[in-house]
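See structure below.
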Amino acid sequence: MSLTIYCLNGPNLNLLGEREPAIYGKGTLADLETYSQNAAAAVGATLVFRQSNHEGELVDWIQEARRQAAGVVINAGAYTHTSVAIHDALKVLTIPVVEVHLSNPGIREEFRHKSLVSPAASGVIAGLGPLGYRLAIEAVVALNQQKRV
Ligand code: CA2
C-alpha cells in the first residue's frame, strides 16, 4: 500500500523564485512541489504538499498528519526558530518527521542557528536545496520500512 507523506512548508516559502536566488535558488514553490511529487512517485509514496504563512494552520496540518500520514517532511521556515506551538504539535507524532531546509541555517545569522523543530525530528537535512526534499521523502519511506523489520 502507498504511504502518504505530508510535506509542510512555512512562511514566505510562497516567495521562492521571486527574491534571494543566491540563498534559495531560482525555482518557485510550484517547481519545488513538482520536484517533490516526482520524488515521492519514484518511491511509490503519495505526497500531500502544502504551504502556509500561518502558524496555527501549520499546527492544524501537523495534527491532521497524525491521523492521515506515515510521515512528515517539514520546512517550517522562520517558525523553525521561534515556534513552541509547532514543536509541541510535532512532539505528539509517532511517525517519522524529517526537518528540511533549502539553505543551511547553521552558517547564516546567529538567530537561525537554533531550531525548535530539530528536537522533535527524526533527522535534519539542510543546505542541499530541492535535493533535500527528495532525500527527506526517501528517508520517511526508509524509516517506515525499518519499522516493519
Ligand atoms: O533554508 C530554509 O529552507 C529556511 O527554512 C527558509 C526560511 C528561513 O527563515 C529559515 O531560516 C531557513 C525563509 C523562507 C523564506 O523564503 C523566501 C524565499 C524567497 C524570498 C524571500 C524569502
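Excluding ligands, DNA and RNA, the accessible surface per residue across the chain is 51 Å² with a 1.4 Å probe. Here the Gaussian network model covers the chain, with springs between Cα atoms less than 10 Å apart; of Arg67, Arg50, Arg112, Arg67 fluctuates the most. Among Gly129, Gly25, Gly71, the largest mean-square fluctuation in a Gaussian network model of the chain, built with springs joining Cα atoms closer than 10 Å, belongs to Gly25. Computed over the chain with a Gaussian network model linking Cα atoms closer than 10 Å, the most mobile of Glu57, Glu109, Glu99 is Glu109. Given +1 at the Cβ of Lys and Arg, -1 at the Cβ of Asp and Glu and no other charges, the dipole of the chain around its Cα centre is 400 debye to the nearest 20. The 3J(HN,Hα) values that the Karplus relation (6.51, -1.76, 1.60; θ = phi - 60°) gives for the range 71-79 are, in residue order, x, 10, 10, 10, 10, 7, x, 5, 5 Hz. Gly and Pro appear as x. Here's the list of lysines a cross-link from Lys91 could span, going by alpha-carbon distance under 21 Å and ignoring same-chain residues fewer than 8 apart: Lys114, Lys147.
For Ile74, the amide hydrogen comes within under 5 Å of the amide hydrogens of Leu8, Val98, Glu99, Val100, counting only partners 5 or more places away or on other chains and with H modelled in the peptide plane. With Cα atoms defining each centre, the range 96-149 and the range 1-45 are spaced 13 Å apart in the structure. Distances between every pair of Cα atoms in the range 16-126, grouped in 5 Å steps from 0 to the bin holding the largest one, split as 2, 11, 20, 24, 22, 15, 5, 1 percent. Rolling a 1.4 angstrom probe over the range 3-148 with all protein chains present gives an accessible area of which 51% lies on carbon and sulfur atoms. Name the shape class, rounded, prolate or oblate, that the alpha-carbon gyration tensor gives for the range 1-57, where a ≥ b ≥ c are the square roots of its eigenvalues, rounded holds for a/c under 1.5, and otherwise prolate holds if a/b is larger than b/c and oblate otherwise. Oblate shape, in that a/c is at least 1.5 and b/c is the bigger or equal ratio.
The values are calculated or read from the model by the stated rules, or taken from the named source; none is laboratory data. Since we're looking at a predicted model, the values are computed, not measured. So basically every Cβ, Gly included, is an ideal-geometry build from the backbone, and we count neighbours across all protein chains shown. For accessibility, only protein heavy atoms count, side chains too; no ligands or nucleic acids. Shrake-Rupley method; radii C 1.70, N 1.55, O 1.52, S 1.80 Å.
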